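Presented below is the structure to which this report refers.
Every read-out reported here was derived from the displayed coordinates using simple, explicitly stated rules and does not represent laboratory data. Everything numeric here is computed off the predicted structure, so don't read it as measured data. Note: ideal-geometry Cβ built from the backbone for every residue, glycine included; neighbour counts use all protein chains shown.
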Amino acid sequence: MDDKIKTLLINEAKNAAKSAYCPYSEYAVGVALISSDGRVFSGCNIENASYSLTMCAERVALFKAVSDGVRKISAICVFSDCGKMPYPCGACRQALAEFADEGATVIVSDGEHTVETTLEELIPYTFG
């Protein structure tokens, strides 16, 4: 992945994490994704006292993109500096797989370390 785009996505995801609503877990997550046509969308996790109603940052950003007409994403960055690498959960991996380009890049960053992989490596046997 191009370093300029990677840096942009990390910075956008880091900024999105500042808006997270996470009073229960105190684990703020921010996401930035780029669509195949070059548009950038961001999102943060939003918790709820009824925890099953919590929404992960990945799906917030993805649903924002889809609601604006995006049908393919080429890369996503997930950021959290709350101590643990913020890999997407299984539900988010499957939701991303629905709209990801083949070979879509996934960047995971905790502020100190960054891992770059593909969605296929994170979820090799998607439902579809």
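Side notes on the structure shown:
- In the range 97-118, of all residues being in contact (Cβ under 8 Å) with a residue 40 or more places away in the chain and under 14 Å from Ile73 (Cβ atoms), the one that is surrounded by the fewest Cβ atoms within 10 Å (Cβ to Cβ) corresponds to Asp101.
- Just one of the listed residues (Ser36, Ser42, Ser25) is farther than 30 Å from Gly103 by Cβ and among the hydroxyl-bearing types (Ser, Thr, Tyr), and it is Ser25.
The rows are residues; the columns are (1) in contact (Cβ under 8 Å) with a residue 40 or more places away in the chain; (2) of a type in the set (Asp, Glu); (3) over 14 Å from Ser80 (Cβ atoms); (4) in contact with a strand residue (DSSP E or B) (Cβ under 7 Å, 6 or more places away or on another chain).
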| site | (1), (2), (3), (4) |
| --- | --- |
| Ala17 | yes, no, no, yes |
| Val31 | yes, no, no, yes |
| Ile34 | yes, no, yes, yes |
| Glu47 | no, yes, no, yes |
| Leu53 | no, no, yes, no |
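- Looking only at the range 65-90, and only at residues there that are part of a helix (DSSP H, G or I) and either in contact with a Ser or Thr (Cβ under 8 Å, 6 or more places away or on another chain) or of a type in the set (Val, Ile, Thr) (or both), the one that is surrounded by the fewest Cβ atoms within 10 Å (Cβ to Cβ): Val66
- Qualifying residue in the range 44-61 (condition: touching a Phe, Trp or Tyr at 6+ places or on another chain (Cβ under 6 Å), under 20 Å from His113 (Cβ atoms) and either in a loop (DSSP other than H, G, I, E, B) or not polar (S, T, N, Q) (or both)): no
- Long-range neighbours under 6 Å by Cβ, at least six apart or interchain, first residue more than 13 Å from Val60 (Cα to Cα) and without any contact (Cβ under 8 Å) to a residue 60 or more places away in the chain within the range 77-96, second crowded, with 23+ Cβ neighbours inside 10 Å and of a type in the set (S, T, N, Q): Pro86/Ser80
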